[in-house]
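Some notes on the structure that comes next.
The values are calculated or read from the model by the stated rules, or taken from the named source; none is laboratory data. Since the structure is predicted, the reported quantities are computational estimates derived from the model, not experimental observations. Cβ placement follows ideal geometry from the backbone for every residue including glycine, while neighbour counts extend to all protein chains displayed. To get the accessible areas, we keep the full protein, side chains included, count just its heavy atoms, and leave off ligands, DNA and RNA. Shrake-Rupley method; radii C 1.70, N 1.55, O 1.52, S 1.80 Å.
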Amino acid sequence: MSLDTRIEAVTARIIARSQGPRKTYLDRMRAAAADGPRRAHLTCGNQAHAYAAMEGDKDPLVAARAPNLGIVTAYNDMLSAHKPFENFPERIKAAARANGATAQVAGGVPAMCDGVTQGQVGMELSLFSRDVIALAAGVALSHNTFDAAIYLGVCDKIVPGLVISAATFGYLPSIFLPAGPMTSGLPNDEKAKVRQKFAAGEVGREELMKAEMASYHGPGTCTFYGTANSNQMLMEFMGLHLPGASFVNPHTPLRDALTDAGVAQVAKITALGDHYRPVCDILDEKAFVNGLVGLMATGGSTNLVIHLVAMARAAGVILEPQDFADISAATPLMARVYPNGLADVNHFHAAGGLGFMIGELLDAGLLHPDTQTVMGQGLAHYTQEPKLSDGEVVYQAGPKTTLNEKILRPAKDAFQSTGGLVALKGNLGEGVMKVSAVAPERQVIEAPAAIFHDQASVKAAFQSGDLNRDVVVVVRFQGPKANGMPELHNLTPILAVLQDRGHKVALVTDGRMSGASGKVPAAIHVSPEALDGGFLARLQEGDMIRVDAVKGVLEALVPDLADRAAVTPDLGANSHGIGRELFEIFRAHAGPASSGAGVVV
């Protein structure tokens, strides 16, 4: 089928908007590629240092005829999703040798768990860690001894940071090797109910802890469809994973075989062979549009509205918030995965997963079919699914029909006709709202504002009964410059309780919610942020606020908003403690959410 005209129009304007920076980027990548194999430019002393610890691999490294693969790993024990990476380097090295290549751990990057830091001070470093990861990966690859890169990362900021690095070193072929989701535990909706009961004082901490531990119970990615699993989806839609690699559980024969196959594939596409396929040719405008379509079709995390903009800029591609809204309007919501449904990602994968979805979207003309991928030309590669044959991966045609219509539906019979992300604009600035889990009758809220400068104050007001009414909760001074733009997930149970009591409730913030706001309408990423000239700083207690996801409106219904003086809070406490001192330069130089909230891009 021919490409949908709406997708074509958005792509055309992105290409036109990106023409200058994209040309500059590609010129730099072509010049770097023309220098030839990386190691050819190192002195004998340089190389001796690089190979000193590579017992068994020194001869092929010195000969410089075999591809040398640089591993950039985000392994640690803090993230359940990254625990399986502990043993990946040795497996990768063995697979490299089996394919006539060598591999070295080029370096490690930090990886923090938003689940651990949620509602804590550490969350104020979370968004900035994306740029730190990009910097750290850059340091790792600066040794300039590699013919390709292998990236080991899954979670929220880690994949975006690694993609920024991959784009920066875009003359190198690269592949992302995932670790897979943990097996299903306590259903996410049951966990959410316990959280709401705890917020309402109906159960104690012991029962809450029991539910949390039963939900997050082992190695692998958390099973709800948040940022980490949205990242994995993107890597398939954008051609940086092997097909069908995203949602295979850790420590299974197929998972191990996919890791081996990924190493073999990236070894084939270096400049030393006949199938050179650098990342700069994969991460183009069409690939990013395909990523946006995937985000909308799956009901993915709103964090990617920020991260995709930053990732694209690293490749000379300029995305704007309206691109997301227009793609959302053209893309059907095909999946119901928690928090947009009851299923988890394991159920989604079993129902047909990404292979079925990509096939449907290609047939509907909603994806660019001609993109470059690590597998070669064409996204049709990603309609296949991997199987094991004699311990190795073989590909066969993926499912043509969904195996569970409560979880995954065809494009022509989707759960809803749009992807469920809307852009909001008005006198308070611009933001976004994820509405895929918000009931239609709750998508327009008009109520008086209750204004707060931190989550703790919201909790206190809830506990005292001050929020037991129709209310738009405004949590301001939560943007990148103010305090690093933390996620505000701890507000979700509180706001859901108020909603269940029959009140009209919405959230407005220049902070983040990731999409885990679920059924509560939340206008997030409001730009400009309150500290940077945004009119959120001019709001007063009791101002009537209209949050209208149907018409895309975010406004204060007061005549004198522009004439008011902005509130100037004391944010001194944000500048120290738990490492925040080290990130002052990030807060000072962070861009707005609408342009990726970046420091390095």
Region 448-512: proportion of alpha-carbon pairs further apart than 21 angstrom, %: 16 percent
Based on DSSP H runs of at least 4 residues, each adding -39500 (n - 2.57), what is the mean residue ellipticity at 222 nm of the chain after dividing by all its residues, to the nearest 500 deg cm²/dmol? -11000 deg cm²/dmol
Along the charge dipole of region 366-516, pointing to its positive end and built from +1/-1 on Cβ of Lys, Arg, Asp and Glu, which listed residue (Gly398, Leu367, Gly420) has its Cα farthest out? Gly420
Counting DSSP beta bridges with both ends in the chain, the antiparallel % (nearest 5): 50 percent
Expressed per residue, the solvent accessible area of the chain in Å² (1.4 Å probe) is about 37 Å²
Extreme residue, positive dipole direction of region 215-295, given options Gln265, Ser215, Pro278 (C-beta unit charges): Ser215
Could you calculate the contour length gain from His217 to Arg91, that is, 0.36 nm times the residue separation minus the distance between their Cα atoms, to one decimal place in nm? 42.9 nm
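May I ask what percent, to the nearest 5, of DSSP beta bridges between residues of region 468-597 are antiparallel?
If we restrict to bridges inside region 468-597, about 35 percent are antiparallel.
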Counting other Cβ atoms within 10 Å of each Cβ, which GluC sites (Glu not before Pro) in region 136-223 have at most 13 and sit in a DSSP loop? Glu202
Which log10 I(q)/I(0) values does region 17-118 give at q = 0.14 Å⁻¹ under the Debye formula, counting every alpha carbon as one identical point scatterer? -0.77
With the cut-off at 24 Å, report for region 487-601 the share of all Cα pairs above it, as a whole percent. 36 percent
Taking Cα pairs closer than 8 Å and at least 6 residues apart, the relative contact order of the chain in percent is 14 percent
Here, GluC sites (Glu not before Pro) of region 470-561 satisfying both criteria (DSSP loop; at most 13 other Cβ within 10 Å) are Glu541
The Cα extents of region 396-504 along the principal axes, largest first and rounded to whole Å, are 55, 35, 27
Take the solvent-accessible surface of the protein heavy atoms, probe 1.4 Å, and return the percent of it on region 148-245 that carbon and sulfur atoms account for. 58 percent
Express in Å², to the nearest 10, the accessible area of Ile524 obtained by rolling a 1.4 Å probe over the protein heavy atoms while all chains stay in place. 0 Å²
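If DNA, RNA and ligands are ignored and the probe is 1.4 Å, what is the ranking of Glu285, Glu584 by accessible area, most exposed first?
Glu584, Glu285
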The chain - convex hull of the alpha-carbon atoms, volume per residue in Å³: 147 Å³
Per-residue accessible area for Lys83 at 1.4 Å probe radius, Å² rounded to 10? 70 Å²
Report, in degrees rounded to the nearest 10, the 0 to 90 angle that the Cα long axis of helix 303-314 makes with the longest principal axis of the chain. 40 degrees
In 5 Å bins starting at 0, how do the alpha-carbon pair distances of region 315-380 split up by percent? 4, 13, 17, 20, 23, 17, 7, 1
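Kindly give the semi-axes, whole Å and largest first, of the ellipsoid equivalent to region 117-189, taking each as the square root of 5 times a Cα gyration tensor eigenvalue.
They are 27, 18, 8 Å, listed from largest to smallest.
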Ordered by number, the trypsin sites (Lys or Arg not before Pro) in region 26-135 that occupy a DSSP loop and have at most 14 other Cβ atoms within 10 Å are Arg65
Shape metrics for region 269-382, restricted to C-alpha atoms - Rg then Dmax, Å: 15.1, 48
Spin-label proximity, His41 to region 17-31 - amide N less than 13 Å from point 7 Å beyond Cα toward beta carbon: 28-31
What angle do you read, to the nearest 10 degrees and between 0 and 90, between the alpha-carbon axis of helix 321-330 and the longest principal axis of the chain? 90 degrees
Apply 1/(1 + (r/R0)^6) to the Cβ-Cβ distance of Leu571 and Lys406, taking R0 = 35 Å, and write down the FRET efficiency to the nearest 0.05. 0.15
Listed by chain and number, the lysines with an alpha carbon less than 20 angstrom from that of Lys197, same-chain partners under 8 positions apart left out, are Lys210, Lys459, Lys504, Lys519
Report the FRET efficiency, 1/(1 + (r/R0)^6), for Asp532 and Leu582, where r is their Cβ-Cβ distance and R0 is 25 Å, rounded to 0.05. 0.70
What does region 58-144 give for Rg and for Dmax, in Å, if only its C-alpha atoms count? 16.0, 53
Here Rg/Rh (Cα, Kirkwood) for region 370-457 equals 1.18
Rounding to the nearest 20 debye, state how big the charge dipole of region 130-253 is about its Cα centre with +1 on each Lys and Arg Cβ and -1 on each Asp and Glu Cβ. 160 debye
For region 157-170, 3J(HN,Hα) per residue [Karplus equation, 6.51 cos²θ - 1.76 cosθ + 1.60, θ = phi - 60°, Hz, x = Gly/Pro]: 8, 5, 4, x, x, 5, 5, 4, 5, 4, 5, 4, 9, x
Got a number for carbon plus sulfur as a percent of region 492-601's accessible area, 1.4 Å probe? 56 percent
Would you mind calculating the gained length between Ala48 and Glu541 on full extension (0.36 nm times residue separation, minus the Cα-Cα distance), in nm to one decimal? 170.8 nm
Farthest toward positive dipole pole in the chain [+1 Lys/Arg, -1 Asp/Glu at C-beta], among Thr183, Val317, Thr24: Thr24
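How big is D for region 148-248, in µm² s⁻¹ as a whole number, if Stokes-Einstein is applied with the Kirkwood radius of its Cα pairs at 25 °C and 0.890 mPa s?
161 µm²/s
Would you rank His82, His589 by solvent-accessible area, highest first, keeping every protein chain in place and using a 1.4 Å probe?
His589, His82
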Using the basic label-point model (7 angstrom from Cα toward the beta carbon), what is the Val121 to Leu208 distance in nanometres? 2.1 nm
To the nearest 10 degrees, the tilt of helix 253-268 (Cα long axis) against the first principal axis of the alpha carbons of the chain is 60 degrees
When the solvent-accessible surface of protein heavy atoms is calculated with a 1.4 angstrom probe, in what order do Val116, Val263, Val444 fall, highest first? Val116, Val444, Val263
